[in-house]
Amino acid sequence: MGFLNKIKKHWVALAVAFLAALAVGFPELYFVYEAGTEYKGAPLMGTDAEEHYLASMREASDGRYILSNVYSTPKNIPFLYPEGGEALAGFLSRITGLGVVRFNMAMKFVSPFVLFLLLYYLSLALGGKRSTAILAASFVILGSNLAARPKEILSVFVFGPDYHTGFNNYFRPINPEISSMLFFGYLALFYKLIKNPKVMTAAFLGVILGASFYFYLFTWTFLLVFTGLFLVFAIVAKNYNLAKGTLLTLATALLLSVPYWFEVFRAISSPVYSEAALRFGMVSGRGFFISGSLILVAVISGFLFLRYLFGWGRDIGKEASIFGALFGFSILIVYNQQVITGQSIQSPHYHFMSTILMLLFFAVFAAWHYIGKVKFFRNDFPKAALVALALVFLFLNNFKWQTASYLHVRQTAYQRQEYMSVMKWLDKNAPERSIIFGNVELSSLVPVFTPLDIYPSGFAQYYLLPGDVFKRYAFLKAWFSGVKAEEAESKFLGELRNKLSYEVYGIQYRKNMPDEKAINLAREYEEFRKRDLREILSTDYYKPTYFIFDQKFNELALPESEIKNVMEKVANIDKRFLIYKIKQ
């Protein structure tokens, strides 16, 4: 079948994919339109860690592709986790000439479109009809919130204030925008291998799986388990062609992953690995995790496996049954990988980035398949009407989902525009690789819009850096803002508690550190305040070049006499941002 004939045959799917992409990406462009002259170049950045993704992309766009420390020096430390997706996006933003910000905007439309078509292809490969494939793909792209939070089904047609749950998953850059392409693409191609084991298909799968090691932990771990289960299945079932193909896939992937494991060894050998891992959210323990959702997965997977084993029903192929069964068993394993590894690695990421999406996909696929057997829906018109109603429901759901999220982050996005005058000043006046000290919100923008480094803070906690630097950052901020030694304990236990918890411990305590930790920090701060400020800064490895104080929040409350021997004021931007340069 020629290309044009394929377009004609699947034009409805292409049209729905295009509309779905617009529906997912529209908040980004709407913000630029709504802001009008107030828009100064800072995009919406409404998803989790988006500033971090953009900073990493900017680093790669500037030609530095080993992203083991985006925010500061040194640049050659082992990576705590790979950033292949960010490096690829940064490279593409450079060669396309779009720049990091515009490329990120474009991907919010491109990614949902591509992912929709991958899911559509997978559904067709599993034996679904075009209507089934369109619905299954649409539910994943536009309705994954309904699987995660079923109560939202009831609110779709109720207009009024909505609870903010975060933007559509595919509005978030890199993970899952890019990692999901690897994930869904791998599954679609793997099913092709099951149906027709070929050496080239197996080798290409190995390349995808091998590449995923450098993109996203929650992608490669799941796919590795899934592929390993299929190898065991193929051997037991004496399907030796599939076994050889799967073995080739695994061998190719593991060969390509050798540099990754070398970096892992370097990382865990670092003296600061343990504290960095805690900041990143890793928890030691071998406890078995079970929940109602996992029990349901186990039941469904068991049923599909028995369906394959005993040949129940001929309407869905045996390959589709075993594919779904082993996918479900993979979920049970990755959710409990800590039983083997002894390290819990934020398992909910599997839930939101892969498993719940594919479970939704399989559920819609199966439901629509059996609905089609009902006599009333065997006619084209009732079936088409039901598909149309389902699509209207999903687009309305996505609109409410995105709108509620937009309204939640809108004010913050406008506030970021106020920082852009500072970014322009730094880009023009600060020498390359200057180190900037500022609040977390401002500092997170510096690596996105300038080639400069920042004093380690915010998302820098997710790199292999010593914990003392984050304490020093928090203590310096408190000092500059006028927190006295004698009031440290009351403030650290009170108004500064959540902020300090994040600044020092990352996500270890989810912004709610224990009283004991807050009191210990207060004691350390009291000793810190006894030292000479000039001596502290002159001996600091991360010696700041410029300090930026946002006086809207009174970030510099010290009298000039206390800092005149340490730094000098070089700019006052918008009568709000004071910029000081450290004295040599």
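Which members of segment 72-99 meet the condition of being under 22 Å from the mean Cα position of the chain (by Cα) and on the phi > 0 side of the Ramachandran plot?
GLY99
Could you check how many residues of segment 1-51 are among the aliphatic types (A, V, I, L, M), in a loop (DSSP other than H, G, I, E, B) and under 23 Å from VAL422 (Cβ atoms)?
Number of matching residues: 4.
For segment 126-154, name all the residues that are within 20 Å of VAL387 (Cα to Cα) and of a type in the set (Gly, Ala, Ser).
GLY127, GLY128, SER131, ALA133, ALA136, ALA137, SER138, GLY143, SER144, ALA147 - these are the residues of segment 126-154 that are within 20 Å of VAL387 (Cα to Cα) and of a type in the set (Gly, Ala, Ser).
Which residues, counting only those in segment 443-455, are touching a Phe, Trp or Tyr at 6+ places or on another chain (Cβ under 6 Å) and either farther than 18 Å from VAL100 by Cα or without any contact (Cβ under 8 Å) to a residue 60 or more places away in the chain (or both)?
ILE454, TYR455
Of MET107, MET57, which residue is closer than 25 Å to GLU418 by Cβ, modelled with pLDDT of 95 or more, among the hydrophobic types (A, V, I, L, M, F, W, C) and buried (at least 16 other Cβ atoms within 10 Å of the Cβ)?
Only one candidate qualifies: MET57.
Taking the criterion of being modelled with pLDDT under 90 and either within 30 Å of ALA87 (Cβ to Cβ) or assigned by TED's automatic domain parsing to the domain that holds PHE327 (or both), would at least one residue in segment 165-179 satisfy it?
Checked against the condition, which is being modelled with pLDDT under 90 and either within 30 Å of ALA87 (Cβ to Cβ) or assigned by TED's automatic domain parsing to the domain that holds PHE327 (or both), segment 165-179 yields at least one hit.
Quick one: THR201 ticks every box in (1) part of a loop (DSSP other than H, G, I, E, B); (2) at pLDDT 90 or above; (3) of a type outside the set (Asp, Glu) except a single one, so which number is it?
The one condition THR201 does not meet is (1).
For segment 384-394, how many residues meet the condition of being small (Gly, Ala, Ser) and either within 25 Å of the chain's Cα centre (by Cα) or crowded, with 20+ Cβ neighbours inside 10 Å (or both)?
So the answer is 0.
From the list PHE289, PHE280, which residue is surrounded by fewer than 17 Cβ atoms within 10 Å (Cβ to Cβ), in contact with a Phe, Trp or Tyr (Cβ under 6 Å, 6 or more places away or on another chain) and within 25 Å of LEU357 (Cβ to Cβ)?
Only one candidate qualifies: PHE289.
Anything in segment 504-531 that is acidic (Asp, Glu) and closer than 14 Å to ALA485 by Cα? List them, or say none.
GLU524, GLU526, GLU527
Would you point out the residue of segment 508-558, among those that are within 19 Å of PRO466 (Cα to Cα) and in contact with a strand residue (DSSP E or B) (Cβ under 9 Å, 6 or more places away or on another chain), that is surrounded by the most Cβ atoms within 10 Å (Cβ to Cβ)?
Taking the candidates together, the pick is PRO544.
Would it be correct to say that PRO466 is touching a residue at least 60 places away in the same chain (Cβ under 8 Å) and surrounded by fewer than 16 Cβ atoms within 10 Å (Cβ to Cβ)?
yes
Would you check if there is a residue in segment 484-499 being touching a Leu at 6+ places or on another chain (Cβ under 8 Å), within 19 Å of PRO456 (Cβ to Cβ) and crowded, with 18+ Cβ neighbours inside 10 Å?
No, because not a single residue in segment 484-499 is touching a Leu at 6+ places or on another chain (Cβ under 8 Å), within 19 Å of PRO456 (Cβ to Cβ) and crowded, with 18+ Cβ neighbours inside 10 Å.
Quick one: which residue in LYS75, LYS129 is more than 24 Å from PHE327 (Cβ to Cβ), of a type in the set (Lys, Arg), in the same structural domain as LEU187 (by TED's automatic domain parsing) and at pLDDT below 95?
Sole residue among the options that is more than 24 Å from PHE327 (Cβ to Cβ), of a type in the set (Lys, Arg), in the same structural domain as LEU187 (by TED's automatic domain parsing) and at pLDDT below 95: LYS75.
In this structure, is PRO456 closer than 22 Å to SER481 by Cα and either basic (Lys, Arg) or assigned to a loop (DSSP other than H, G, I, E, B) (or both)?
Judged against the criteria, PRO456 is a match.
Yes/no matrix, rows are residues, columns are (1) surrounded by fewer than 18 Cβ atoms within 10 Å (Cβ to Cβ); (2) in the same structural domain as PHE577 (by TED's automatic domain parsing); (3) among the hydrophobic types (A, V, I, L, M, F, W, C):
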residue: SER321; (1), (2), (3): no, no, no
residue: TYR335; (1), (2), (3): no, no, no
residue: LEU359; (1), (2), (3): no, no, yes
residue: GLY372; (1), (2), (3): yes, no, no
residue: PHE376; (1), (2), (3): yes, no, yes
residue: PRO382; (1), (2), (3): yes, no, no
residue: LEU396; (1), (2), (3): yes, no, yes
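The values are calculated or read from the model by the stated rules, or taken from the named source; none is laboratory data. This structure is a prediction, so every number in the text was calculated from the model and none was measured. Virtual Cβ from ideal backbone geometry, glycine too; neighbours counted across all protein chains shown.
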